[in-house]
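The values are calculated or read from the model by the stated rules, or taken from the named source; none is laboratory data. Quick caveat: nothing in here was measured; it's all calculated off a predicted structure. Neighbour counts are summed over all protein chains in view; Cβ atoms, including those assigned to glycine, are modelled from backbone coordinates with ideal geometry. Calculation scope for accessible area: heavy atoms of the full protein, side chains included, ligands and nucleic acids excluded. Shrake-Rupley method; radii C 1.70, N 1.55, O 1.52, S 1.80 Å.
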Amino acid sequence: MQEIASIAQSWRSWTGAHGGMLGGLVLDHAGRQVPGTPVRALHLTFLTAVRAPTVQVGTTLVKAGRTASVVTAQLTADDRVSVLGTATFGAATPGPSSPAPTPPEVPPAEVAAAVEFPAHLVPFAAHLDIRPVGALPLGGGSEPELVAWARVHEPPKRPESAAVVLLDALAPGLYATRTEPVPVPTVELSAHFTDAAADFDATGWSLLRIRTEHAGAGWCVDASEVWTASGALVATGRQARRVIT
């Protein structure tokens, strides 16, 4: 299945389209192969920056199973494959449960101060309302972690796609320890979803956290979470990123 999609210029981040938005787009198209089935995992590899106003998204149903289905995807821009994706879908079945990670204790979104992000670096921030709690990007702190409330003004129609946008909405965790910006592009992103993702409403407040787990040799790995305002875990993510200095 091959379809054409438009990429608004306002969704740019640094020199290319926002990775979370592209990931949500890939997931939306992959999900059309298995309509009505919840997504459980999404793996993305970013090969080149996307600057074209239109892209092509091709999807292939690799496995259609009773318990799990797998769809692969390619997003092509300017005749180059820019994003590779693999999405795993599966219906809920009886099984054991374990408590999900709980959100950090922070002031409510209503009392957190809004922050304007530099439009020339991250134009996509105009699509979100982000209210940091605690450390600020480029604040020169001691811990590579950022926490913020956020909501999306016009989220993707698929709730899990909106969760992917939010997993990639905050600056890299390293920015909490830095005082000057540097490009930290995502090379690989993986997302895992809970049952709460299927009816997630990204227009309401969500609590986001991102932390750099380790960095060195021009690379870093970030872990991130999205919770609803009531504390339900929606999705977790990990990103392998280049640190360009």
So, by mean Cβ neighbours within 10 angstrom, what's the order for 233-243, 70-80 with the highest one leading? 233-243, 70-80
Residue-ordered couplings for the stretch 122-130, obtained by feeding phi - 60° into the Karplus form 6.51 cos²θ - 1.76 cosθ + 1.60 and rounding to whole Hz (Gly and Pro as x), are 9, x, 4, 4, 5, 7, 10, 10, 10
Could you give the size of the charge dipole of the chain about its Cα centre, using +1 on the Cβ of each K and R and -1 on the Cβ of each D and E, expressed in debye and rounded to the nearest 20? 540
Hey, with R₀ at 51 Å, roughly what FRET efficiency would HIS153 and VAL221 work out to, going by the Cβ-Cβ distance, to 0.05? 0.95
Gaussian network model of the chain, springs between alpha carbon atoms under 10 Å - residue of HIS18, HIS43, HIS127 with greatest fluctuation: HIS127
Using the Karplus curve 6.51 cos²θ - 1.76 cosθ + 1.60 with θ = phi - 60°, work out ³J(HN,Hα) for each residue of the stretch 59-76 in order, rounded to whole Hz, and write x for Gly and Pro. 10, 9, 7, 7, 9, 10, x, 6, 10, 8, 10, 10, 10, 9, 8, 10, 9, 10
Over the stretch 168-245, with neighbouring protein chains present, the accessible area per residue in Å² at probe 1.4 Å is 40
Ignoring ligands, DNA and RNA, what percent of the 1.4 Å accessible area of the chain is carbon and sulfur? 54
From phi via Karplus (6.51, -1.76, 1.60), per-residue ³J(HN,Hα) for the stretch 187-202 in Hz, x at Gly/Pro: 9, 9, 9, 10, 10, 10, 10, 9, 5, 5, 6, 5, 10, 5, 10, 6
Determine, from the Cβ-Cβ distance of ARG80 and SER10 and an R0 of 22 Å, the FRET efficiency 1/(1 + (r/R0)^6), rounded to the nearest 0.05. 0.45
Calculated from the structure, Cα extents along the principal axes in Å equals which of (1) 57, 42, 30; (2) 48, 45, 35; (3) 47, 40, 34? (2)
Which loop trypsin sites (Lys or Arg not before Pro) in the stretch 155-211, with loop taken from DSSP, have no more than 14 other Cβ atoms within 10 angstrom of their Cβ? LYS157
What does the C-alpha gyration tensor say about the overall shape of the stretch 56-152? Classify as rounded when a/c is under 1.5, otherwise prolate if a/b is larger than b/c, or oblate. oblate
Can you tell me the accessible area per residue over the stretch 1-138, all protein chains present, probe 1.4 angstrom, in square angstrom? 53
May I ask you to work out the translational diffusion coefficient for the stretch 166-245 at 10 °C, viscosity 1.306 mPa s, via Stokes-Einstein with Rh from the Kirkwood sum over Cα pairs, reported in whole µm²/s? 119
